[in-house]
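Data block below; observations after.
Read-outs throughout are calculated quantities, based only on the coordinates presented, and are distinct from any laboratory measurement. It should be emphasised that the depicted structure is a prediction, and the values quoted were computed from it without experimental measurement. Cβ placement follows ideal geometry from the backbone for every residue including glycine, while neighbour counts extend to all protein chains displayed.
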Amino acid sequence: MQDRRVRAGGIELQIREYERAADAAVFLHFGGANLMAWQRIVPFFQDRYRLVLVDLRGHGKSDKPETGYHIDEMARDVVTVMQHLKIERAHIVGSSMGAEVGLSMAANDPDKLISLVCEGALYSEYGPYGIWDGSEAEFKEHVAGRLQKAQDIPLVVYPSVDALVCARRQALEPHGWWNDDVEAMVRYDWCETGEGACVAGWRNPGRHEYLRYYFGYRFEAYYGKVKCPVLMLPGEDDWQDERARAAMSGLCALTRQGRIVAVPGWQHPYGWLLDPEKVCAAVLEFLAEA
């Protein structure tokens, strides 16, 4: 295992690499997470693939610029990381925001991908492949409210890392999203304020800019360009939702080699840290075929 920083897009990104003479698999975490989101799944993959775990911009130990959070810009960051590591092609495994970034890579740099695993980017928020059940005017009002709420999130300064971890535990534990691996991910993700205190890594204005772009994404414009095999991994809640299931089935049909695997009980996106065995088996089978 080797931790290093890589220059990409005018900033530095933190990566963790498990070197091996094998095809590369690049793992891209969900929004608000970091490369520690993948630590529980590493043992499933490290004997078969060269693993690269990336702290996306604004997250973990990577730089946190105020701009650059469109998925196309973040995808270029990852392509630059691959170039720096002399990786010509890789399997891309993405969760939520990471899946969106991976999808952008597959659409805009198709020669860089062997395959794509999307545990996210499974439907648009609005449009023919969207989940919004209402008028365009109502959707715009909804988006404005969400963006205002995101803009108003205050910056919370914690007196210590332990205090930050305690606050996150209180927020996540009621959902069943807490164990030692989640704690390790949270404990990794903090920044000093310079006054002996700390703040969480993923914060405004980067978080707000990402969200501002997110509601405008029409993922059908991306899936139609993808050439590599695609595995779509819906959470149980989305798979049971008729509208979401129809949208992801339609997007899958746009791909040349797409498939959907619904793992019973899968919790998006924290399943990677809670109970990943069945999903890892599905991903490994897919990667071997790809």
Worksheet item: So how do ILE131, ILE41, ILE153 line up by other beta-carbon neighbours within 10 Å, fewest first?
Response: ILE153, ILE131, ILE41
Discussion item. Against the empirical 2.2 N^0.38 Å scaling, what ratio does the C-alpha Rg of segment 78-173 come to?
Written reply: 1.50
Worksheet item: With each pseudo-label sitting 7 Å past Cα toward Cβ, what's the ARG146-ASP275 distance in nm, one decimal?
Response: 2.8
Worksheet item: Given 0.36 nm per residue, what is the gain on full extension from TYR213 to ARG20 after removing their alpha carbon distance, in nm?
Response: 65.8 nm
Worksheet item: Which one of LEU51, LEU113, LEU211 has the biggest mean-square fluctuation once the chain is modelled by GNM with Cα springs under 10 Å?
Response: LEU211
Fill in: Estimated FRET transfer efficiency (ARG4, PHE44; beta-carbon r; R0 35 Å; 0.05)
0.90
Worksheet entry | Spin-label model distance (nm) - GLU289 vs GLU73, 7 Å beyond Cα toward Cβ | 3.7
Practice prompt. At 15 Å minimum axial length over the Cα atoms and a Kyte-Doolittle cut of -1.0, report the qualifying DSSP H helices in the chain, or say none.
Written response: 71-84, 97-108, 161-172, 242-254, 277-289
Response to the item:
Percent antiparallel among DSSP beta bridges confined to segment 1-121, nearest 5, equals 40
Worksheet, complete the sentence: Out of VAL157, VAL81, VAL117, a Gaussian network model of the chain with alpha-carbon springs under 10 Å gives the largest mean-square fluctuation to VAL157
Response to the item:
Once the mean of 1/r over all distinct C-alpha pairs in segment 155-261 is inverted, the Kirkwood radius in Å reads 17.2
Worksheet item: Check PHE30: other-chain or 5+ apart residues with amide H under 5 Å from its amide H, H built from backbone geometry?
Response: SER95, GLY98
Practice prompt. Could you tell me which of the pairs LYS64/LYS227; LYS61/LYS140; LYS112/LYS278; LYS61/LYS112 are separated by over 30 angstrom between their Cα atoms in the structure shown?
Written response: LYS64/LYS227; LYS61/LYS140
Response to the item:
Quick calc, the chain, dipole around Cα centre from Cβ unit charges on Lys, Arg (+) and Asp, Glu (-), nearest 20 debye, gives 660
